[in-house]
1. Quick one: in the range 82-97, of everything that is touching a Gly at 6+ places or on another chain (Cβ under 7 Å) and modelled with pLDDT of 90 or more, which residue is nearest to the ligand (Cβ to nearest atom)?
2. Restricting to the range 54-81, name every residue that is assigned to a loop (DSSP other than H, G, I, E, B), near the ligand (Cβ under 9 Å from one of its atoms) and closer than 19 Å to Asp24 by Cβ.
3. Quick one: count up the residues across the range 16-53 that are more than 11 Å from the ligand (Cβ to nearest atom) and under 18 Å from Thr100 (Cα atoms).
4. Of a type in the set (Ser, Thr, Tyr), part of a loop (DSSP other than H, G, I, E, B) and modelled with pLDDT of 65 or more: is that true of Thr100 in this structure?
5. Do you know which residues across the range 190-229 are crowded, with 18+ Cβ neighbours inside 10 Å and of a type in the set (Lys, Arg)?
6. Would it be correct to say that Ala233 is modelled with pLDDT under 95 and of a type in the set (A, V, I, L, M, F, W, C)?
7. Looking only at the range 66-125, count how many residues are aliphatic (A, V, I, L, M) and within 16 Å of the chain's Cα centre (by Cα).
8. For the range 230-249, what are the residues that are buried (at least 21 other Cβ atoms within 10 Å of the Cβ), of a type in the set (Gly, Ala, Ser) and either closer than 12 Å to Ile184 by Cα or in contact with a Pro (Cβ under 8 Å, 6 or more places away or on another chain) (or both)?
Amino acid sequence: MTGFDASIYRRLVESSPDGVALVDAQNPEQPVLYVNPGFQALTGYSAAELIGRNLRLLQGDDREQDGRHRLREALAKGESCRVLLRNYRKDGRVFWNEMTILPLLDPQGRVTHHVGHHRDAGERLHIDPKLARDSLSGAHQPTAVAIRDDRLTGLFTLPYLEELLKRDWSVAQREKRSIAVFAIDIDALDLYNATFGRAAGDSTIRRVAHVVSGCLRRSSDVAARIDGGSLIAFAPGLNVEQALRIGQQMAERVRELRIHHPRSAVLRYISVSVGVCAAVPESSDSPANLLQKSQQQLQIAKKSGRNQAA
Ligand SMILES: Cc1cc2nc3c(=O)[nH]c(=O)nc-3n(C[C@H](O)[C@H](O)[C@H](O)COP(=O)(O)O)c2cc1C
């Protein structure tokens with residue numbers, strides 16, 4: 001874009017209702033260099049109080065959060081990342097800080113800065129972060145955190161995946177990029193539970209969930225458990241062929257776990273069926289449609305006995 005001077009760019013960032021933070025990536029402590037007024041409004045801290053410090057200060061002592069670990073990993077790999085963290089305003093009030101962190105590169109491809117785009121996700125998610133923390137620490141309100149995190153597997157829940165898909169859908173639509181959805185189901189799980197008991201079934205679900213998330217390792221990929229042994233995942237930017245390969249990989253890796261299942265008609269080992277679909281979002285289409293299509297593909301995969309359909 002041409003014809004704008006630097007002051008216009010500055011005003012552009014300063015007028016954003018979202019929080020924007022710029023961090024020095026070449027200093028191991030990743031200190032803040034700049035925060036816009038939106039960030040100050042979000043956190044209650046002034047720019048002077050934040051500059052030179054690492055933004056983990058907003059976590060207070062609430063450090064055991066899955067999002068923090070994922071963010072650390074993405075930063076170490078120089079990847080962009082979107083996470084949701086419980087943060088604390090200057091006055092101590094807790095809120096959901098939904099942030100997208102992106103690396104900025106110099107012409108040699110080195111990461112010089114990170115930029116963060118931040119907003120309060122509380123209203124959108126309808127989850128009280130106070131309750132989420134209490135339930136994490138084993139106190140009351142066990143349902144609150146379950147709205148976002150699936151307690152059994154550590155994956156997300158379906159409502160949260162749907163929220164994320166809606167957002168990535170409009171980005172993909174704008175950028176004309178494809179989104180792939182995977183519907184995954186453990187074959188004959190009821191028979192496995194009947195044979196080995198519920199605890200063994202749960203442990204199998206956990207191991208399968210681990211395999212699925214291991215096949216989708218980019219920070220933009222999202223996996224959730226619907227219920228029982230039914231999982232769902234989406235991956236922005238994958239076309240059908242790439243998605244099919246990953247679906248196949250999921251099925252193979254689950255077989256390689258060699259979890260004995262003597263009553264399964266499929267294999268004698270635990271296996272999964274995978275339904276895959278991928279599309280560049282059309283304005284006439286919707287995220288719910290894509291989820292539904294992946295479920296239809298899953299049913300086709302189950303019926304055909306091929307364990308996979310696209
Ligand atoms: C640009 C940028 C913005 C960040 N903003 C926040 C933030 O608003 N709140 C937060 O809790 N952590 C934020 N972080 C994450 C922390 O700085 C830190 O990377 C994270 O806590 C993981 O590192 P740690 O385990 O050493 O704390 C941000 C990181 C970057 C690079």
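The values are calculated or read from the model by the stated rules, or taken from the named source; none is laboratory data. Treat the numbers as computed from the prediction; the structure is a model and nothing was measured. Note that each Cβ is placed from the backbone with ideal geometry, even for glycine, and that neighbours are counted across all protein chains shown.
1. Of the residues in the range 82-97, the ones touching a Gly at 6+ places or on another chain (Cβ under 7 Å) are 83-85, 88-91, 95-96.
Narrowing further to those that are modelled with pLDDT of 90 or more: 88-91.
Working: Tyr88: 9, Arg89: 11, Lys90: 13, Asp91: 16 Å.
Out of the qualifying residues, it is Tyr88.
2. Asn54
3. Selection size over the range 16-53: 8.
4. Details: of a type in the set (Ser, Thr, Tyr): yes; part of a loop (DSSP other than H, G, I, E, B): no; modelled with pLDDT of 65 or more: yes.
Considered against the rule, which asks whether it is of a type in the set (Ser, Thr, Tyr), part of a loop (DSSP other than H, G, I, E, B) and modelled with pLDDT of 65 or more, Thr100 comes out as no.
5. Arg225
6. Numbers: modelled with pLDDT under 95: no; of a type in the set (A, V, I, L, M, F, W, C): yes.
Criteria not met by Ala233.
7. The initial filter retains those residues of the range 66-125 that are aliphatic (A, V, I, L, M), namely 71, 74-76, 83-85, 94, 99, 101-102, 104-105, 111, 115, 121, 125.
Those still in the list that are within 16 Å of the chain's Cα centre (by Cα) too: 71, 74-75, 83-85, 99, 101-102, 121, 125.
The total comes to 11.
8. Answer for the range 230-249, where residues must be buried (at least 21 other Cβ atoms within 10 Å of the Cβ), of a type in the set (Gly, Ala, Ser) and either closer than 12 Å to Ile184 by Cα or in contact with a Pro (Cβ under 8 Å, 6 or more places away or on another chain) (or both): Ala233, Gly247.
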